[in-house]
Amino acid sequence: MSRRAFLLGAGAAVTTLAGCTSTPAPRVAAAPLPVNTSIYASMYGPQPNELFPLPAVPYEKIEPRFYRQMVANPTGERPGALVVDTANHFLYLTYENGQAMRYGVGLGRAGFEWAGRGVIQYKRQWPRWTPPDEMVARQPELQPYSIANGGMEPGLMNPLGARALYIFQNGEDTLYRIHGSPEWWTIGKSVSSGCVRMINQDVIDLYNRVPNGTPIVVTSLSGAELEYAA
């Protein structure tokens, strides 16, 4: 398989947070662009065959280090794991041979972060969004979408976006998700109520790569562990 096809998500799944609504993140040195930048127009282009056709993402307005790309694995985790680096707003899917697919993500603002180890219990395409009762109590305008009222219908403006991966720990729902978002400008920032948000095109790619039961760790990788050398 060519590198282009791999980045665009043609491969199969690897074998081996849920209040999520919309404060700047710390900066680290920018990663160099991959040599071939022409793939991004396709990678982040429109997806008309989705249940709700996705528009193109203006990727030129996003910091290039947050583009989907294969990198050296800095996590220390075995192949087939997901690692959310909260210090640098990256999500890694680890592969063999010391490699990892890296995605840019948006994270929870101060006071809403979650960290630890868990598993992706299950996944959903175009999920409903049901903000937890605690969020509805803080934001009464969300009452129409409460659990009691059945949540928000799927769609382009649904906060969970095109796909959602549900994080459980010790058999219990953490109420945190990895999910898509139409708000591409929030990638690399801390704005949501704790969930891990991705560009919709990226979360579709991730959804296709990971099976149910995939282990996940949400942690902070120090800058010393990450290399951005050209």
Peptides ranked, highest mean first, by Cβ atoms within 10 Å: ranges 125-132, 191-198: 191-198, 125-132
Inter-label distance, nm, simple model (7 Å from Cα along the C-beta direction), residue 153/residue 52: 1.0 nm
Estimated FRET transfer efficiency when R0 is 30 angstrom, pair residue 38-residue 113 (beta carbons, to 0.05): 0.25
Inter-site label distance for residue 212 and residue 70 at 7 Å from Cα along Cβ, in nm: 3.0 nm
Cut-off 19 Å, label 7 Å out along Cα→Cβ of residue 97, residues of segment 45-86 by amide N: 69-81
Residue 220-residue 169 pseudo-label distance in nm [points 7 Å out on the Cα-to-Cβ vector]: 1.6 nm
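Throughout, read-outs are computed from the coordinates displayed, never taken from laboratory work. Because the structure is predicted, anything quoted here is derived from the model rather than measured. We place every Cβ from the backbone using ideal geometry, glycine too, and count neighbours over all the protein chains shown.
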